[in-house]
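The structure under discussion appears below in the form of structure tokens.
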Amino acid sequence: MDRDTVLQEFRNAGALLEGHFLLSSGLHSPVYLQCARVLMDPVRAARLCAALAQRVRDHYGEIPLVVSPAMGGVIVGYEMARQMRADSVFVERVAGKFAFRRGFAMKPGQRVLMVEDVVTTGLSSRECIATIRASGGHVVAAACLIDRSGGGGGCGGASHLFGADHGTGL
Ligand SMILES: O=P(O)(O)OC[C@H]1O[C@H](OP(=O)(O)OP(=O)(O)O)[C@H](O)[C@@H]1O
Ligand SMILES: O=C(O)c1cc(=O)[nH]c(=O)[nH]1
């Protein structure tokens, strides 16, 4: 699915907002991509994630576990896992730091796909990847619905897939 098609899905969902927004990183932006509004339609979520999951398989083969950062990453992580016939778990902040809770754990060396809804500075992704590694997981790749990290008129790219050790400054 190309960038314009992904952004059209956001427009159709009323999720491409224009105005003045304070992003979670503290950056200001005239554009906000409200991923939760896109993912509220399970059919639309499945369409977007099927395309992204296919790219993961094409580049990296099967990956048995998806890890995403709560809160924004949870729905997209779950749908990506469903498309990939993988398991889905998430990290969440405990005293400001990502951690696995709820009995979620990695097997040593387990192949993991990290999935985000949106990447802006990449800080959440980097912290999520560090937490997976500290727990013994092997992050094979990372993916997001929206990659704002590279500029591109405020919208950035869309449905980005990148190796865990390169791209997007991760
Ligand atoms: O690339 P970054 O600059 O880290 O920004 C992207 C992150 O910001 C949002 O989460 P947020 O921190 O707002 O928390 P939330 O998931 O609980 O909404 C979003 O879901 C990403 O995780
Ligand atoms: O950087 C963010 O926090 C952010 C940007 C954006 O466009 N959408 C979103 O959900 N979060």
Efficiency of FRET from Cβ geometry, A130 and D41, R₀ 45 Å, rounded to 0.05: 0.90
Those trypsin sites (Lys or Arg not before Pro) in segment 57-114 that DSSP places in a loop and that have at most 14 other beta carbons within 10 Å: R85, R101, R102
Most mobile of A36, A134, A81 per a Gaussian network model of the chain (Cα springs, under 10 Å)? A134
Principal axis dimensions, segment 13-71 - Cα atoms, whole angstrom, descending: 40, 25, 19
I need two numbers for the chain: Rg to one decimal and Dmax as a whole number, Cα atoms only, in Å. 14.9, 45
Quick one: of the DSSP bridges fully inside the chain, what percent are antiparallel, nearest 5? 50
Gaussian network model of the chain, Cα within-10 Å springs - most flexible of S149, S24, S135: S24
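Laboratory data are not the source of any read-out in this text; all were calculated from the coordinates shown. The shown structure was predicted, so the numbers you read here are calculated from the model rather than taken from an experiment. FYI the Cβ positions are ideal-geometry reconstructions off the backbone, even for glycines, and counts take in every protein chain you see.
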